1. Considering the values (i) 28, 23, 16; (ii) 54, 19, 12; (iii) 40, 20, 18, which represents semi-axes √(5λ) of the Cα gyration tensor in Å as calculated for the structure under consideration?
2. Just how far, in whole angstrom, is the range 80-99 from the range 159-197 if you go by their alpha carbon centroids?
3. What number, in percent, do you get for the relative contact order of the range 164-228 if the mean sequence gap of Cα pairs under 8 Å and at least 6 apart is divided by its residue count?
4. Take every Cα pair under 8 Å in the chain that's 6+ residues apart, average their separations, divide by the length, and report that relative contact order as a whole percent.
5. For the Cα atoms of the chain, what angle does the longest principal axis make with the long axis of helix 124-134, in degrees from 0 to 90, nearest 10?
6. Where nothing but the Cβ of Lys and Arg (+1) and of Asp and Glu (-1) is charged, how large is the charge dipole of the range 2-207 around its Cα centre, in debye to the nearest 20?
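Read-outs throughout are calculated quantities, based only on the coordinates presented, and are distinct from any laboratory measurement. Nothing here was measured: the structure is a model prediction, and the numbers come from that model. Note that we place each Cβ from the backbone using ideal geometry, even for glycine, and neighbour counts take in every protein chain shown.
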Amino acid sequence: MTFSIIARCADTGAFGAAITTSDLAVGSRCIRLCHGKGAFLSQHRTDSRLGDLGIARLAGGQDAQAAMAAVVQSSTDIEWRQLGALDSAGGFDVYHGKRMYSIFTHSRGDDCLALGNILANEGVTDAMAAVFAKSTGLPFAERLVRALEAGEQAGGEILGPLRSAALRVTGEEGIDAYDLRVDISDNAVADLRGLFEAYGDRQDALRRVALNPDAVPVQKRLFEASLARIRERALTDRFPSARHPDDWDVTA
């Protein structure tokens, strides 16, 4: 009851994924990514440990087929699982367990792999891969969201509603560009789109905060409110910001 896409940006080395399901909190379970190294999906009666093993193998330099073989061999319950791998060269591999009882498919495109189970029809993942391919030139994250929307528009799951969805895109220095999750919703893909648009280009500001916090001014409104509360609570001796406010770079 999940459909998803993993993809590679050949220009930046980023790997990304978008996923949705009628269960809750899908974003934490199924997606595993490593910047410059690969992406691994584990879904259908998900065992997140399989994703952990798969991405560790890709991060260690194995290609998609070798990583998949290691994962498949690691579990006695593998026939319940649906797995997908994409490596740093754009190679891929999939595994559809024999205990899957629904319509399930995968679709390969340039630098992407779409995967789905308990689907309404056999064209869902084809639609996802096609939209990802046709949106070349758009930002990588936008292409992933559009692919997920295309899967829903093509029929999505056999039963709804879609309750959770997620978008993740890796970045350099181990800092993701996006890690957005809708964990409970009556229309998860639409809500993921809304969250994505609200998030905007915050990834650049958050990267600056992580890598060079001294260069990011403190917000004046927050700074002044904090100092006022410190003084109200008679805590000036405890917090240096109240004693030496000029030591902080403050901006409106």
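1. The value matching this structure is (iii).
2. Cα centroid to Cα centroid, the span is 22 Å.
3. Value for the range 164-228: 23 percent.
4. Relative contact order of the chain: 19 percent.
5. Helix 124-134 sits at roughly 60 degrees to that axis.
6. The calculation lands at about 380 debye.
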